Each structure stands twice: as structure tokens, then as C-alpha cells.
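Contents: one structure, followed by commentary.
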Amino acid sequence: MDGGWDRAREVSRRVGRGVADASRATARAGRATAVGGRRAGLATARGARRAGAATARGARSVGRATRRLTHAGGAGRTGLGRLIELTAGHSVGDTLVTVALASTVFFGVPVGEARGPVALYLVITMLPFALLAPFVGPILDRFRSGRRYVMAGTLFGRGLLCFAMAAAVGPGDLVTLFGGALGVLVLSKAYNVSRAAIMPSVLPADITLVSANARVALFSLVSAGVVVPVGAGLAAWLGSAPVLRIAMVVFLLVGVFAVRLPRHVDAPDLEEDGEEGRASRWRTLLQVGPAVAEAVWANVAIRLFSGFLLFFLLFLVQDGQVPWLAGPAPLFDVPRTIALLAAAAGLGGLAGAAVANWARNHSPQVIVLLTLAVTSVTTIVTAVFFGLWTAFAISVVTAFAQELGKLALDAIVQREIGEEVRSSTFGVVEALLQLAWVFGGLVGLVLSLTESSLAGLVTLAVALTAALGWLVIRRRARLRAVDERLDATVRQARSEERPEPRDTLDSTKPLTNPNA
């Protein structure tokens, strides 16, 4: 028995020592784990701080580089740099709204639907703005002395509309969505009209109007191009309502920035003579002068063709009535083709803004006619050799001509139209161009029923060539009339400066004999 108890006590001691050793090992492992956790946490924190610092340094570097570009050439002294940055922020907000609404029921019109609903969508969404736009200009002309606050008001108003549309996305309130989208469109155009009207006030001495407008357009297009994939990703991840709320915050912040524009962008109020002053606010193409009217009609032709080409090619591709989709295994299917043409349009817009910035010393009137001529020639070539790459080329050229022609038109209006009615003129021009785009889109829908690329492109090529010929003839007649008036003025001035004949006698002086 004693030996048994001894063996039991020995086993118990061994088990106890084993348990104690295991406890000490567990404690050491716990301490090691805690130390490792603290070290890992510290390393993670240091990595996060480093990543944040690197991101902040990168953002500051990008901001400084952007500021150097926007304020180059004296733009920082006159306020043009601030206007460029403000318009870039405005473009970011509008792009977020467009991306957010693209995934809602309101803007979700499938491409494969019948052409009737798409045509009705065009009329409902665009014509109300075209009818309201002529009233925007006269209203803005009445607030020339507070243009900074008008621009800020358009941004604040869009922020509130974004809040209302975000609340309407969930229940699918189409009335609120439609009204909000229309209000955002009108306020966006009102901002553009105000921005174009104040451009001469912030123009540096070394920069032309075409170049200044091009800088604004270039930074706006780049900002929109950067925001499109970000906004699309956020809309797919979070939904449309959060993206609209982000757009609301962007508009409110940019609105505060608009108030901080230089004070000299506000024009002083001018005294007017009753009926004459009120009538002068309602500008028509018969009152803007021949140079402005010529540029407007050229841009109308380009904008009409732009709307036509968008819907004509879209439905031809969707219906498979294009040669590169006819094969058994085409390289470019319908989605890839649409993406390629959309990329071509974006590339053309950027190229138009870049060329406008480069062509600073050329006449805006000549630029407008050249863009129409290039569009006409490209349309003829595309009609004869229609294929994937000619469709890509005409998409690039159309977007290029639309951007470059509009920038030249803005410069002509800013140069030729007085301060007191400039906003009214821009309002009429914007309405006319919007109507031309809608009408061109409707024509493209109708001609796509022929399922023939040749018929539609030849029709538009003839129309563009006729418009170009008519404008060239009018321009030559106008320049000839100017030369004749100038020659007549010079001849009259020379005849007035001719001395009188010496043999004429002055009857008021008595005749005297010099020998007397």
C-alpha cells in the first residue's frame, strides 16, 4: 500500500508540474501574442498614417499643379483662374447628377425600345428647357450688378433640387424626378449663360476670348471625365440616392466658392429709356448683327448634325444594320461599339477644347466656318466608305466641331454684344442650339427606319454642304459691302481735304493797286 501511495503522489506531482509548465507556456504565448498584436497594430497604424500622408501629399501636388495651370498667363490676377476652378466644380456636380439619374426609372429608357417612346422622351425632357431658356437671359441681365450671387444661387438651387430628387428615388416619384431634372438643366444653363457673360470682365491682356473659353471648357471636360467612372461605381455600390446627396454637397460647396469671385465681375447697372430699354433685352437673331448671326447659324447646323448622328448611329447599331456586326463572330458587338463611339465623342470634345486654346490668334468667324466645312467633308467620306472606323472618325469630328464651334461662337458674342444685353443674347443662342439638337435627334430617329447608313448620311451631307455654301456666300457679300462702305468713306474724306483753287477771288476784300 505504501508503495502504491508513493507512486500516486509521484504521478500527482508530475501532473502538477506538467500543468504548471503548460500554464507558464500559455502565459508566455499570451504575452507574445499581446506584444505581437501591439506591434502589428502599431505597424498598421504607421502604414495607415504613411498612406494618408502620401495621399495628402499627392493631393496637394495635384492641387498645386492644377492651380499653376488655371492661373497661368495672368489668369490668377484677373479672376479667370477662379472662374475656371468654379466651372470645373460645377461640371463635377452636373456629372454626378447625370450618372445618378442614368440608373433610375426616369432616365432608364432602354435603347432597344420602340422609337416612339424615345422620341417622346426627347420632346418631354428638352423642349421645356428650350421654351424657358429665352426668359433666363433677360432675368440675368436685370441682375448684372450681382452676377456672383446669381451664379451662387444657381448652384445652391441645384443642391436643393438634388436633395429633393434623392428623397424621390426610393418611392419612384417620377413627378419630382422630372421636375428636379428639368430645374437642374435650366439652372445649369443659367450658370453657363452667366459665366459666358462675365468672361470679358476676367480676361487677361495676353489671352484671347477663344483661348479663355477653351481653358474653361478643357478643365470642365477633364473634371467630368474623371468623375464619370467614380460616380458610376458609387451608383452601382450605394445606389442613386447617395450619389445625388454627394452632388448636393458639391453644389453647396461650389456655391460658397462662387460668392468669393472678384467683385469686378459684377457690372454696374445702366440707365435705360423706358420702352426702348425693355425691348432691347429680348434679343433675336435679327438684332445681334451679321457676324453673330453667321456664327449662330453655323453652330445650329453642327448641333443639328450632332443630335442626328447620335440617335441615327445608336439605332442602326442596336438593330444590327451596320457592316461590322454582320459577320458570324464580330470583333465589336453592340455594347463595345456603343462604348467605342462614346469614347470617340469624349475624345473629340477634348480635342476641340485643346485646339481652341492653341488657335488663339485666329479669327473666330473663320474657325466657325472651318469646323462646318470639316464636318461636311467628313460626312461625305463616311457616307461613301461607311464602316467601324469611319463611324469612329465622324463621331470624333462631330464632337470636335461642336466644341470648337461653340467656343468660337461664345467669343464672338462676348466681343460683339454689349454688356447690357449679353446674357439675353446667350439665352437666345442656347435655346436655339438646344432646339437644333432635339430636332436633329428626331430626324435621326426617323431616318434610322430606312436601315440604310447611306440614305441618312447623304441627306445630312447635302444639308451641311448647302448650309456651308449659303454662309460663305453671305459672308463674301457682307465683306464686299463693308469694303465698299470703307472705300466710299475714304473717297469722301479725301474730297473734303482737297484745297480750294488759287484763282478764286475773295469778294469781301477791296482791290488795290500795288504801285499806288
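The values are calculated or read from the model by the stated rules, or taken from the named source; none is laboratory data. What you are looking at is a predicted structure, and each value in this text was computed from that prediction instead of being measured. Cβ placement follows ideal geometry from the backbone for every residue including glycine, while neighbour counts extend to all protein chains displayed. Ligands, DNA and RNA are stripped out before the accessible areas are found, and what is left, the full protein with its side chains, is counted by its heavy atoms. Shrake-Rupley method; radii C 1.70, N 1.55, O 1.52, S 1.80 Å.
Details
- Distance between modelled label sites at ASP333 and VAL228, nm, 7 Å Cα→Cβ extension: 2.2 nm
- Estimated distance in nm for a label pair at ARG478 and TRP237, the labels positioned 7 Å out from Cα along Cα-to-Cβ: 5.2 nm
- Centroid-to-centroid separation of the stretch 307-386 and the stretch 136-162 [C-alpha atoms, Å]: 35 Å
- As a ratio to 2.2 N^0.38 Å, the alpha-carbon radius of gyration for the stretch 193-265 is 1.42.
- Share of carbon and sulfur in the accessible heavy-atom surface of the stretch 164-215 [1.4 Å probe, %]: 63 percent
- Where labels lie 7 Å past Cα in the beta-carbon direction, separation of GLN492 and ASP206 in nm: 4.3 nm
- Share of carbon and sulfur in the accessible heavy-atom surface of the stretch 374-419 [1.4 Å probe, %]: 73 percent
- Förster radius 30 Å - calculated FRET efficiency between LEU160 and GLU419, Cβ distance, rounded to 0.05: 0.50
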